Amino acid sequence: MLTDWFPNLKMEDFWQATYETFYMTILALIGTFIFGILLGLLLYLTMEGGLWENKFINAVVGAVVNIFRAIPFIILILLLFPFTEFLLGTIRGPKAALPALIIGSAPFYGRLVEIALKEVHKGVVEAAQAMGANTWTIIFRVLLPEAMPALISGITVTAIALIGYTAMAGVIGAGGLGNYAYYFGFQRRDFDIVLVSSVAIVIIVFIFQFIGDYFSKKIDKR
Amino acid sequence: MMISIKGLRKVFTANETKITAVDHINLDIKEGEIFGVIGYSGAGKSTFVRLINRLEEPTSGKITIDQQEITSLRGKDLRVARRDIGMIFQHFNLLWSRTVADNIAFPLEIAGVPKEDRKRRVQQLIDLVGLTGRELAYPSELSGGQKQRVGIARALANRPKILLGDEATSALDPETTDSILNLLVDINKKLNLTIILITHEMHVIRKICDRVAVMEDGKIIEQGDVLDVFTHPQQEVTKKFVSQVMGISDEHEGIKQMIELYPEGNLFRFHFIGETTNQALISQLAKKFPIDIRILKGKMTPTQHGAYGTLYVQMIGQPDDVEKCVQYVRDETSVKVEVVQDAY
C-alpha cells in the first residue's frame with residue numbers, strides 16, 4: 001500500500017533501515033544510560049560538599065564532559081574513526097556507529113544525571129547516613145531510586161537527541177533511516193523516500209517520548 | 001551516664017573566616033531522660049545535635065554514648081555505632097520512592113536484618129506509632145504528623161539507645177505537635193529511651209522535657225531541671241523563652257491595679273512549682289478553712305513534673321483563719337505563698 005503512494009519506496013529496504021535505527025538507538029541508549037549515570041554520579045559525588053568531595057576529579061570529569069558536549073556530533077564521528085576501527089575493526093554499519101553515539105550522548109546525559117541527583121533532598125542522604133548507611137547503600141538505595149523519575153525523563157530527552165544522531169551517522173555510512181533517506185532518497189532525487197523516512201523518524205521519536213513519559217509518571221510517587 | 005560530652009567544639013571555616021558554631025560544650029545526659037536543648041536559630045543547636053552522631057565532625061572534644069567513645073570511631077565502626085542512635089528531622093526526610101513499611105524497613109536493611117525479621121519488626125513499629133493500615137501508603141499521601149510518625153518508627157527500628165530530635169515538631173501545627181510529643185513521652189516511658197530534643201519552642205520543653213539546656217552563640221548559657229529553669233530563669237534569653245509559654249510578665253502593672261480594685265486587702269500570690277499532690281489546692285483550702293477564696297489573676301502551665309505558674313488570690317474571712325490557711329499552704333505543700341497586700 002505504501003508503495004502505491006510512494007513509488008520509489010522498497011519496503012524491504014525501509015524495514016531494514018528502520019530496524020537499524022532502532023538497533024542503534026536502543027544499544028546506544030543502554031550504553032549512554034550506563035556511562036551517563038557513572039559520569040553523573042562521579043560529578044555529583046566529587047562536587048563540593050559531596051560524599052567523595054574531590055576538586056581535582058570533579059574538574060577533570062567536568063572538563064571531559066564539557067569538551068565532548070561541545071564537539072558537534074558529525075565531527076565527533078570523524079574524530080572517532082580510528083578509535084572505532086581499533087575497537088570494532090570497521091567504520092561502517094550500525095555497529096560501528098555505537099562508540100560515537102555513546103561517547104556523543106553520555107556526557108549530555110551525565111549532566112542531566114548530575115542535575116537529577118542534586119534535586120534529591122540532602123536531608124534524605126543525611127538520614128541514611130544517620131542510620132549507618134555506607135556510600136554504596138546511599139547510591140543504590142537512596143540517590144538513584146529517589147532521582148529515578150528525573151533519570152527517566154532525562155534518558156527520554158537523550159533518546160530523542162540520539163535518534164537525531166543516528167540519522168547523522170547514517171549519512172556517513174552507519175545505516176538506518178538517515179542513511180536510507182540520504183542515499184536512496186536525496187541523492188537519487190527520490191524525495192518520497194526522504195518524506196517516508198522523516199515520518200518514520202518522527203513516529204519513532206513519539207514512541208520513545210511516550211514510553212519515557214509513561215514510566216516517569218508511573219514511578220513518580222512524590 | 002548515657003551520654004557524656006566534654007569540651008565539644010565545632011569551628012566552620014567559610015571564606016577564610018572562622019565561625020565557632022559550638023563552643024566548649026560540656027553535658028551529661030542520664031539514661032531514660034528527655035533532654036531539651038533550646039535556642040534561637042543560629043545558636044548552634046542544630047550543629048550540636050549533628051555532632052552527637054557525627055553527621056558533623058567535631059573540631060575537638062569528646063562524646064561518649066553508653067561507655068563507647070563516639071568521637072574516636074572510624075569508618076565501619078562509626079556506621080555500626082550510628083545504628084544505636086536514632087534521629088528524627090524537622091522535614092522528616094523520608095524516601096518518597098518507598099512506602100511507609102519500606103521506609104521503616106530501610107535502617108533494618110542497612111543493619112542486615114533478614115527479610116522475615118524485618119517484616120515482623122516493621123509491623124511492630126507501625127503499630128507502636130499508630131499507623132496501622134497505612135503500611136502501603138507513600139509519604140506523599142500522608143499528613144505531616146503521620147510523616148513524623150514514620151520518621152519516629154524508622155528511627156526506632158534498630159532499637160537505639162538514644163533518639164535525637166532535630167526540630168522534630170517545628171514543621172507541624174500545634175495540635176499535631178502535641179500528639180507527636182505525647183508519642184515521644186510514650187516511647188520514652190515504654191522503652192526507657194534517652195531522648196535529646198532540639199527546639200526553639202519552649203512549649204516542647206515544657207511539655208515533655210525533664211531537663212533543659214539553653215544555647216546562645218554556640219554555648220550552653222543555662223541548664224537544669226525544667227522546673228528550676230522555669231522558676232528561676234537567669235539569663236535574658238531564658239527569660240524570653242519562659243515568657244513564650246507564660247506570657248509576658250506585666251506583673252507590676254497588674255498588681256497595682258489589683259490593689260486599687262480590692263482595697264480590702266488580703267491579696268496573696270501562690271507560686272506553683274511542680275505541685276502534684278495538691279492539684280485541687282484552692283477547693284481544698286476552701287473546704288478546710290472557713291474562708292472564701294477569690295481568684296484574681298493567674299497563669300498555670302503543666303510540665304512533666306507538675307504544674308508551674310502563679311495565681312493571685314484574695315482570701316476573705318477572719319484574719320485568724322486566713323493566717324492559718326496561709327500557714328497550712330506553707331507547711332503542707334510545695335506552693336510558695338507571698339503576701340501582696342495585707343489587710344488594713
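The values are calculated or read from the model by the stated rules, or taken from the named source; none is laboratory data. Note that the structure is a prediction, hence the values are computed from the model and not measured. Every residue, glycine among them, receives a Cβ derived from its backbone with ideal geometry; neighbour counts consider all protein chains shown.
What number of residues within the range B:306-328 satisfy the criterion of being closer than 28 Å to B:Arg211 by Cβ and buried (at least 17 other Cβ atoms within 10 Å of the Cβ)?
Residues flagged as closer than 28 Å to B:Arg211 by Cβ and buried (at least 17 other Cβ atoms within 10 Å of the Cβ) within the range B:306-328 amount to 5.
So B:Ile293 ticks every box in (1) at pLDDT below 85; (2) over 30 Å from B:Asp210 (Cβ atoms); (3) in contact with a Leu (Cβ under 7 Å, 6 or more places away or on another chain) but one. Which box is left unticked?
(1)
Across the range B:223-241, what is the number of residues that are under 14 Å from the mean Cα position of the chain (by Cα) and in contact (Cβ under 8 Å) with a residue 60 or more places away in the chain?
Total satisfying the criteria: 6.
Out of everything in the range A:1-15 that is without any contact (Cβ under 8 Å) to a residue 40 or more places away in the chain and not charged (D, E, K, R), what residue ends up being surrounded by the most Cβ atoms within 10 Å (Cβ to Cβ)?
Restricting to residues being without any contact (Cβ under 8 Å) to a residue 40 or more places away in the chain and not charged (D, E, K, R), the top hit is A:Thr3.
Given the condition out of contact with any Leu (no Cβ under 9 Å at 6 or more places or on another chain), surrounded by fewer than 19 Cβ atoms within 10 Å (Cβ to Cβ) and either within 14 Å of chain B (Cβ to nearest Cβ) or not hydrophobic (A, V, I, L, M, F, W, C) (or both), answer yes or no: does some residue in the range A:73-80 qualify?
Taking every residue of the range A:73-80 in turn, none turns out to be out of contact with any Leu (no Cβ under 9 Å at 6 or more places or on another chain), surrounded by fewer than 19 Cβ atoms within 10 Å (Cβ to Cβ) and either within 14 Å of chain B (Cβ to nearest Cβ) or not hydrophobic (A, V, I, L, M, F, W, C) (or both).
For the range A:168-222, which positions are among the charged types (D, E, K, R) and at negative phi?
A:Arg188, A:Asp190, A:Asp192, A:Asp213, A:Lys217, A:Lys218, A:Asp220, A:Lys221, A:Arg222
Every residue in the range B:135-145 that is in contact (Cβ under 8 Å) with a residue 12 or more places away in the chain and either in a loop (DSSP other than H, G, I, E, B) or over 16 Å from B:Ala105 (Cβ atoms) (or both), please.
B:Glu135, B:Leu136, B:Ala137, B:Tyr138, B:Ser140, B:Leu142, B:Ser143, B:Gly144, B:Gly145, listed by residue number.
Before we move on, is A:Val196 in a helix (DSSP H, G or I), at pLDDT below 90 and of a type outside the set (D, E, K, R)?
no
Restricting to the range A:175-222, count the residues that are within 14 Å of chain B (Cβ to nearest Cβ) and of a type in the set (Val, Ile, Thr).
Within the range A:175-222, residues that are within 14 Å of chain B (Cβ to nearest Cβ) and of a type in the set (Val, Ile, Thr) number 1.
Of the residues A:Ala127, A:Ala150, only one is within 14 Å of chain B (Cβ to nearest Cβ), among the small types (Gly, Ala, Ser) and within 20 Å of the chain's Cα centre (by Cα); which?
Being within 14 Å of chain B (Cβ to nearest Cβ), among the small types (Gly, Ala, Ser) and within 20 Å of the chain's Cα centre (by Cα) holds for just one of A:Ala127, A:Ala150, which is A:Ala150.
Could you check the range B:68-81 and list, in sequence order, the residues that are at the interface with chain A (Cβ under 9 Å from one of its Cβ atoms), among the small types (Gly, Ala, Ser) and more than 15 Å from A:Ala130 (Cβ to Cβ)?
Answer for the range B:68-81, where residues must be at the interface with chain A (Cβ under 9 Å from one of its Cβ atoms), among the small types (Gly, Ala, Ser) and more than 15 Å from A:Ala130 (Cβ to Cβ): just B:Gly75.
Test B:Ser41 against the stated conditions and say whether it is polar (S, T, N, Q), more than 13 Å from every other protein chain (Cβ to nearest Cβ) and in a loop (DSSP other than H, G, I, E, B).
Yes; evaluated as a whole, the condition is true for this residue.
(1) away from chain A (no Cβ under 14 Å); (2) assigned to a strand (DSSP E or B): which one isn't true of B:Glu31, the others all being true?
(2)
Filtering the range B:82-121 down to residues that are of a type in the set (Val, Ile, Thr) and facing chain A (nearest Cβ under 8 Å), which residue is surrounded by the most Cβ atoms within 10 Å (Cβ to Cβ)?
My answer is B:Ile85.
Within the range B:146-182, track down each residue that is assigned to a helix (DSSP H, G or I), away from every other protein chain (no Cβ under 14 Å), touching a residue at least 24 places away in the same chain (Cβ under 8 Å) and crowded, with 19+ Cβ neighbours inside 10 Å.
Scanning the range B:146-182 gives B:Arg149, B:Thr177, B:Ile180, B:Leu181.
Within the range B:44-62, track down each residue that is part of a loop (DSSP other than H, G, I, E, B) and away from chain A (no Cβ under 14 Å).
Hits for the range B:44-62 are B:Gly44, B:Pro58, B:Thr59.
Confirm whether B:Gly61 is more than 20 Å from A:Ala128 (Cβ to Cβ) and crowded, with 16+ Cβ neighbours inside 10 Å.
yes
If B:Ile65 satisfies all but one of (1) more than 22 Å from the chain's Cα centre (by Cα); (2) within 14 Å of another protein chain (Cβ to nearest Cβ); (3) over 30 Å from A:Ala147 (Cβ atoms), what's the number of the condition it fails?
Unmet for B:Ile65, out of (1) more than 22 Å from the chain's Cα centre (by Cα); (2) within 14 Å of another protein chain (Cβ to nearest Cβ); (3) over 30 Å from A:Ala147 (Cβ atoms): (1).
Residue pairs, Cβ under 7 Å, 6 or more apart or interchain, first in the range A:47-60 and closer than 22 Å to B:Leu55 by Cβ, second at pLDDT 90 or above and hydroxyl-bearing (Ser, Thr, Tyr). List them.
Every condition considered, the pairs that remain are A:Gly50/A:Tyr44; A:Leu51/A:Thr135; A:Trp52/A:Thr46; A:Glu53/A:Thr46; A:Asn54/A:Thr46.
I need the full set of residues from the range A:116-145 which are under 25 Å from A:Ala63 (Cα atoms) and either surrounded by 21 or more Cβ atoms within 10 Å (Cβ to Cβ) or free of Cβ contacts under 8 Å to residues at least 60 places away in the same chain (or both), in order please.
Across the range A:116-145, the qualifying residues are A:Ala116, A:Leu117, A:Glu119, A:Val120, A:Leu143.
As an exercise: evaluate A:Arg111 against (1) surrounded by fewer than 16 Cβ atoms within 10 Å (Cβ to Cβ); (2) within 16 Å of A:Gly40 (Cα to Cα) and give the number of the one condition it does not meet.
Here A:Arg111 meets the rest and fails (1).
Surrounded by 21 or more Cβ atoms within 10 Å (Cβ to Cβ) and among the small types (Gly, Ala, Ser), is that true of A:Gly89?
It is false that A:Gly89 is surrounded by 21 or more Cβ atoms within 10 Å (Cβ to Cβ) and among the small types (Gly, Ala, Ser).
Report yes if A:Ile138 is more than 14 Å from chain B (Cβ to nearest Cβ) and more than 24 Å from A:Arg69 (Cα to Cα), otherwise no.
no
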